[in-house]
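The values are calculated or read from the model by the stated rules, or taken from the named source; none is laboratory data. All values reported here derive from a predicted model rather than from experimental measurement. Every residue, glycine among them, receives a Cβ derived from its backbone with ideal geometry; neighbour counts consider all protein chains shown. In case anyone asks, the SASA skips ligands and DNA or RNA and just uses the protein heavy atoms, side chains included. Shrake-Rupley method; radii C 1.70, N 1.55, O 1.52, S 1.80 Å.
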Amino acid sequence: MMRRLPVYFLLDVSESMLGLPLRQLETGMEQIIRSLRTDPQALESVYLSVVAFAGKADVIVPLIDVVSFYPPRLPVGSGTALGAALNCLMDNIEKDVVKTTTERRGDWKPVIFLMTDGRPTDNTDEAVRRWNTEFAHRAQLVAITLGDQADTSVLSKMTDDVLCLEGNDGKTFKQFIDWISASVTATSYLVESNAGAGVSLAKKPTGLTLVKDFPVHTASAVDESVVVLTGRCQKSERPYLIKYNRSDDAGFGEQEFELEGAFPIEESFFAWSAIDKEGAQVNTDQLIGVPACPHCGNGTAFAMCSCGGLLCTDGAGPYSCPWCKTEGMFSEGSDGDFDVTRGMG
Ligand SMILES: [Zn+2]
Ligand SMILES: [Zn+2]
């Protein structure tokens, strides 16, 4: 039997990835698979798996050969459970990867590309310890942070290959994806000619740099760089997220967030999300901009029922809440500040 080169993608699908970054990852996976399919060695030996994580972690594509691999639609959820993600990854490496014994030659060392843009919202200590004692010597981890908001200190405890991709314009991202494809292909040739060889990273494109400084962050219940709110369309009852990014213009000691947009999401969002018991709040006077409903086009996606749920509306008048199923009335000019519960990012 052919020795396989298992390649795992451990992808952060937390709320902060919503919009362009998530779409880039999806098209990136398509681009990688197209590229690997043109290479005879990769076609023979590379096997791919995708593990996604937000508040929860799960395998969305089990380890499969390049021909059978179908690029997945990525879910989105609240939270960045890196500890849970690492444990899920390690459980699957344990299950998938054939070990070499005296009777048989097992698979090549698995290669993991971990991509994240945030900070862990769960405890990672135990998972990092497990990685270092049981996996670090028999798997190769390449950690890539998307943007400069990610916590690199946890990643640096597990691998020397911590890279930062700066800028998310289409060209930089495409070069980055080409780099991953080239690295996987190069590794598939290298292991064949030199047993025991590790991952062979291709020459890095501009925009992708090795991270040398590791600022220490403490685990935080919420990602401070974004505010993400969950709402439901009054007409269709379908959920959406409203995403705001921290503004650099705010005065000292103040925090302001500017609207990026409202995005339709699936019900699966709730299964991928961690429940934040603290229920971190944000006041509407810190949020700049109000989006329309991404489902029905109602003028504002930012109205609040007395139950605390956000819903869309096209103005004052009676409403029916898609969260608590009761009827209420929005009055004219009720635009005072109020607190809303934010997601974990
Ligand atoms: Zn609506
Ligand atoms: Zn309600």
Open item on the list: Please flag any cysteine in the chain that has no other cysteine's Cβ under 4.7 angstrom from its own Cβ.
Closed with: Cys88, Cys164, Cys233, Cys296
- [ ] Calculate how steeply helix 82-96 sits against the longest principal axis of the alpha-carbon atoms of the chain, using the helix alpha-carbon long axis, and give the answer as 0 to 90 degrees to the nearest 10.
- [x] 40 degrees
- [ ] With both partners inside the chain, how many of the DSSP beta bridges are antiparallel, as a percent to the nearest 5?
- [x] 55 percent
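Trypsin sites (Lys or Arg not before Pro) within region 70-99: which are DSSP loop residues with at most 13 other Cβ atoms inside 10 Å? Working shown, then result.
On the way: sites: Arg73, Lys95, Lys99; in loops: Arg73, Lys99.
Here the trypsin sites (Lys or Arg not before Pro) that fit, given the DSSP loop and packing criteria, are Arg73, Lys99.
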TODO: For region 13-117, list log₁₀ I(q)/I(0) at each q in 0.12 Å⁻¹, using the Debye formula over Cα point scatterers of equal strength and ignoring solvent, two decimals each.
DONE: -0.45
TODO: Using a 1.4 Å probe and counting only protein heavy atoms, arrange Thr100, Thr284 so the residue with the most accessible area comes first.
DONE: Thr100, Thr284
- [ ] Taking a cut-off of 15 Å between Cα atoms, list the aspartates and glutamates near Lys56, but don't count ones fewer than 8 places away on the same chain.
- [x] Asp12, Glu15, Asp91, Asp122, Glu267, Asp276
- [ ] Report the local net charge at Met2: Lys and Arg +1, Asp and Glu -1, summed over other residues whose C-beta lies under 14 Å from its C-beta.
- [x] 0
Task: Degrees separating the helix 20-37 axis from the principal Cα axis of the chain, which is the longest one - done: 20 degrees
Open item on the list: Tell me the angle of helix 170-193 to the major Cα principal axis of the chain, expressed in degrees between 0 and 90 and rounded to the nearest ten.
Closed with: 30 degrees
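Please give me the summed charge of the neighbours of Asn298: other residues whose Cβ is under 12 Å from its Cβ, Lys and Arg +1, Asp and Glu -1.
Working: positive: Arg232, Lys235; negative: Asp314.
After counting each charged neighbour, the total is +1.
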Task: Restricting region 87-159 to GluC sites (Glu not before Pro) in coil, as DSSP defines it, with at most 10 other Cβ within 10 Å - done: Glu103
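Rounded to two decimal places and with Rh computed the Kirkwood way over Cα pairs, what is Rg over Rh for the chain?
Numbers: Rg = 22.0 Å, Rh = 21.5 Å.
Here the Rg-to-Rh quotient is 1.02.
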TODO: Under a cut-off of 15 Å between alpha-carbon atoms, report the aspartates and glutamates in cross-link reach of Lys157, not counting same-chain residues fewer than 8 places apart.
DONE: Asp125, Glu126, Glu134, Asp213
